[in-house]
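Please treat every number below as a calculation from the coordinates, not as lab data. Everything quoted here is computed from the prediction, not taken from an experiment. No Cβ is skipped: glycine too gets one built from the backbone with ideal geometry, and neighbour counts run over all protein chains shown.
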Amino acid sequence: MIVCVCRALTTSKVNDAIAAGARSPAQVHRHHETTINCGKCSETVCGMIREQSCSGGYDDARQLVAAE
């Protein structure tokens, strides 16, 4: 599924970035050498990061933010 229409990021690409350590929408975009354009994907990306956090996908005590 497309998460970011502006930059053509799919759920697979977002999950790859999260697995590589991305903990914010800006970090997800940086992982794929893109930038946030309109920002509509940020809420979805944050939700995906939270899901990984809740399922034990990573151990990070920092609070997630919508944008950096």
For segment 1-22, give me each residue that is surrounded by 20 or more Cβ atoms within 10 Å (Cβ to Cβ) and in contact with a Leu (Cβ under 9 Å, 6 or more places away or on another chain). 3, 17
Hits in segment 17-49 - residues which are within 16 Å of residue 7 (Cα to Cα) and outside any loop (DSSP other than H, G, I, E, B): 17, 25, 26, 27, 28, 29, 30, 31, 42, 43, 44, 45
